[in-house]
1. Would you mind computing, in nm to one decimal, how far apart the modelled labels at Ala410 and Arg359 are, each placed 7 Å from Cα along Cα→Cβ?
2. Over the chain, what is the relative contact order in whole percent, taking alpha-carbon pairs under 8 Å and six or more residues apart?
3. May I have the pair-distance distribution P(r) for the range 1-140, computed from all Cα-Cα distances with 10 Å bins from 0 and rounded to whole percent?
4. Per residue of the range 283-289, in order, report the coupling 6.51 cos²θ - 1.76 cosθ + 1.60 (Karplus, θ = phi - 60°) as ³J(HN,Hα) in whole Hz, putting x for Gly and Pro.
5. Could you pull out every residue, at least 5 positions away or on a different chain, whose amide H is within less than 5 Å of the one on Ala373? Hs are placed 1.01 Å off N in the peptide plane, and Pro or chain starts have none.
6. As an exercise, use a Förster radius of 35 Å and the Cβ-Cβ distance of Thr88 and Leu269 to find the FRET efficiency, rounded to the nearest 0.05.
7. Would you compute, from DSSP H runs of 4+ residues alone, the mean residue ellipticity of the chain at 222 nm, taking -39500 (n - 2.57) per run and dividing by the full residue count, rounded to the nearest 500?
8. Under 5 Å between amide H atoms, partner at least 5 residues away or on a different chain: which partners does Gly98 have, H built in plane at 1.01 Å?
Amino acid sequence: MSPQAESLPQPGDEAWLVAEQDRLLGFARGARLPEGGFGWLDEHGAVQQDGAVHTWITCRMTHVFALAHLLGDPDAAALVDHGLAALTGLLRDREHGGWYTGVDRDGTPLTAEKSAYAHAFVVLAASGATAAGRPGARELLTGALNVIERHFWDEEQGLLVESWDLPWDACEPYRGANSNMHAVEAFLAAGDVTGDPIWHQRALWIVRRIVHVHARAADWRLVEHFDTGWTPRYDYNQERPDDPFRPYGATVGHWFEWARLMLGLRASLPDPPGWLLEDAEALFAAGVRDGWHADGSPGFVYTVGWDGAPAVRARMHWVAAEAIAAAAVLHRVTGKAEYERWYRTWWQYAEEAILDRARGSWHHELDPQNSPAATVWPGKPDVYHAVQATLIPRLPAAPAMAEALRRKLA
């Protein structure tokens, strides 16, 4: 490398992170839908023309633009307000309460369910918008937390149920770790902006069951699927191993995501249990063990079986983003050099294989040879994971991102 090249910002350096953050936010602006909410972007950054408005995408984009507003982006406030308008109007079930998973161009619900996954993202978006001081955000947050409390939180289990039908009559006989993980994320954000410690406590209850009990018992291959009594369903979706939301086996990227969230929880609690850090490090180590170069090629495999062998070998952008974020937080918390090495290694991999410098954003999926693919995730739906990967290394483990930016902790 020439002396001139050495002087340029390298992947993962602060100046490089800021530039990448701004590049991603520029791409994300194209997701704004005139009729309300944010759309699913294709590989060129154009909104897909199926007319669908997904609640989770609208929430993620609203969250990202709230972060952008707090970072000083002069155009972001209007985009946050645009997302809030969809969450208080287009996507809200005014008859029965709560939020649809999405609607078509006529406002008809895309599915006949109300999911904990989508509702967790409503809480996250409303929390970020509240920290950003946007009108109506706090009222939206209060309403969303009330829906979580009334319909999804299972006090006896200390976990969330998965989904209901539209009138809240029938609860799905399935329980999932993914929706509960995003509830941890949302509860940390909500607890920080409301000041109510119950949300941090509930996040701890979730983490204890999913990670400290079930993941520990499975050699840190975190169990994703359960029955109504929270007994693992190890063969769930074996016939559909690459399902985008409920894939068979263990999803490597979630191990890193849980690890990062556990460190945020640890930093938020007045007297955190010691196992939070121990388990976070164990999950991270398992992700490296089973996920990185698992089939002999660079990158992280999507899923593994219960023996640790790769199940779906596609590479998802969000897995690399979460691995980078977890390495950054673990290095900040522990000071161990190994986490800095992984942080640099994975940013270099992302630069070489995942970042799309020609068309914008990141390739959301690569095949096992690290060429762009679309078997699980067509297009580039949102920038949530990628933007957070550029921001988390510049923030403390707690409070949650939006509140940290409000307090000017970056």
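1. 2.8 nm
2. 17 percent
3. The distribution over the range 1-140 is 12, 38, 30, 12, 6, 2, 0, given as percents.
4. With the stated coefficients, the range 283-289 comes to 4, 4, 4, 5, x, 5, 4 Hz.
5. Glu365, Leu366, Asp367
6. 0.60
7. That comes out to -14000 deg cm²/dmol.
8. For Gly98, the qualifying residues are Asp93.
The values are calculated or read from the model by the stated rules, or taken from the named source; none is laboratory data. Given the structure is predicted, the values throughout are model-derived calculations rather than measurements. Note that each Cβ is placed from the backbone with ideal geometry, even for glycine, and that neighbours are counted across all protein chains shown. We work out accessible area using only protein heavy atoms, side chains counted, and drop any ligands, DNA or RNA first. Shrake-Rupley method; radii C 1.70, N 1.55, O 1.52, S 1.80 Å.
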